[in-house]
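Note sheet for the following structure.
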Amino acid sequence: MKRAIKNEMSLSFPSKSCNEAFARSAVAAFVMNLDPTISELSDIKTAVSEAVTNCIVHGYRRSSGTIYIKGRITDDNKVTLKIRDKGCGIEDVKKAMEPLYTSAPEEERAGLGFAVMQSFCDKVRVKSAVGKGTTVTLEKMISSNDD
Amino acid sequence: MLKTDYKNNTLTAYIEGEIDHDSAVKIRTQVDGAAQSLRPRLLCLDFSNVSFMDSSGVGLVMGRYRQMKLLGGSLRVINIPDRLYRIFAMSGLEGLGVLR
């Protein structure tokens with residue numbers, strides 16, 4: 001069954017690392033409407049921070065560009081976030097998602113980005129094309145009790 | 001500015017606020033600068049006032065672990081708030097015995 005949309009938003013911002021904090025705070029503000037628990041909110045902020053950092057550190061590694069976030073809340077209190085870059089893309093998505101694998105060890109990346117997204121969200125999907133960019137879709141149900 | 005405290009060969013750095021890829025770079029520079037000039041036997045990262053952390057925090061701790069090994073000292077991370085523990089648990093850092 002297709003769920004009715006309760007709310008939507010879209011954001012775009014340059015791939016500067018100071019925007020990691022902006023992105024997770026903006027998404028948190030969007031989700032606040034659902035009256036999430038502190039832990040649900042913190043999970044979403046953490047997952048968004050990982051996804052946006054991936055766009056900056058990997059997607060736009062040797063360049064800079066725009067990061068796009070689309071958010072949607074459906075009437076089953078599910079939050080869907082699409083975080084997209086038009087950067088270099090991922091050659092081997094399966095490998096990139098292996099815990100502790102990183103292609104940027106010199107930047108002290110722990111290789112946990114996707115593992116954290118998967119552990120902190122209900123569903124994570126990654127679509128990527130080399131030279132075109134990457135879209136990460138995060139889904140999380142919020143145990144809202146307001147209505 | 002990072003608050004630090006040095007006594008009995010122990011350098012304690014009080015990390016405050018949010019740790020992400022952006023802030024980790026700044027924290028790393030300050031902690032390494034202090035450790036390189038003081039050459040402590042033990043570096044303590046105090047996480048009591050860390051309000052948010054993504055996996056950049058794990059990278060920060062792993063990097064300081066290696067750094068302290070190079071300097072002939074050791075690392076301890078203390079006062080980790082419960083809500084941050086989940087990411088550390090995923091990292092394998094528990095096996096190094098640096099988390100308290």
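Bear in mind that the values in this text are calculations on the coordinates, not laboratory data. Since this is a predicted model, take the numbers as computed values, not measurements. Note that each Cβ is placed from the backbone with ideal geometry, even for glycine, and that neighbours are counted across all protein chains shown.
Can you name the residue in segment A:65-79 that is over 23 Å from residue A:17 (Cα atoms) and β-branched (Val, Ile, Thr) and is also surrounded by the most Cβ atoms within 10 Å (Cβ to Cβ) among such residues? It comes out as A:79.
With respect to residue A:117, is the statement that it is touching a residue at least 24 places away in the same chain (Cβ under 8 Å), surrounded by fewer than 17 Cβ atoms within 10 Å (Cβ to Cβ) and within 17 Å of the chain's Cα centre (by Cα) true? Judged against the criteria, residue A:117 is not a match. Answer yes or no as to whether residue B:73 is surrounded by fewer than 22 Cβ atoms within 10 Å (Cβ to Cβ) and away from every other protein chain (no Cβ under 14 Å). Considered against the rule, which asks whether it is surrounded by fewer than 22 Cβ atoms within 10 Å (Cβ to Cβ) and away from every other protein chain (no Cβ under 14 Å), residue B:73 comes out as yes. If you go through segment B:1-20 and keep only what is in a strand (DSSP E or B) and acidic (Asp, Glu), you end up with B:5, B:16, B:18. Determine whether residue A:97 is among the aliphatic types (A, V, I, L, M), closer than 20 Å to residue B:54 by Cα and out of contact with any Lys or Arg (no Cβ under 6 Å at 6 or more places or on another chain). When the stated conditions are applied, residue A:97 passes them.
Taking segment A:34-48 as the range and being surrounded by fewer than 18 Cβ atoms within 10 Å (Cβ to Cβ) and not in a helix (DSSP H, G or I) as the test, the residues that pass are A:35, A:37. The selection criterion, being touching a helix residue (DSSP H, G or I) at 6+ places or on another chain (Cβ under 6 Å) and within 14 Å of another protein chain (Cβ to nearest Cβ), holds for residue A:67.
Restricting segment B:39-65 to residues that are loosely packed, with under 15 Cβ neighbours inside 10 Å and touching a Leu at 6+ places or on another chain (Cβ under 8 Å), which is nearest to residue A:23 (Cα to Cα)? Give the steps one after another, and end with the answer.
As a first pass, look at segment B:39-65 and keep what is loosely packed, with under 15 Cβ neighbours inside 10 Å: B:39, B:41-42, B:48-49, B:51.
Filter once more, so that each one left must be touching a Leu at 6+ places or on another chain (Cβ under 8 Å): B:39, B:42.
Values: B:39: 38, B:42: 36 Å.
Residue satisfying both the conditions and the ranking: B:42.
The set of residues from segment B:37-70 being of a type in the set (S, T, N, Q) and within 14 Å of chain A (Cβ to nearest Cβ) comprises B:51, B:55, B:56, B:67.
Quick grid of which residues meet (1) within 14 Å of chain B (Cβ to nearest Cβ); (2) outside any loop (DSSP other than H, G, I, E, B):
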residue	(1), (2)
A:72	no, yes
A:79	no, yes
A:82	no, yes
A:87	no, no
A:109	yes, no
A:116	yes, yes
A:127	no, yes
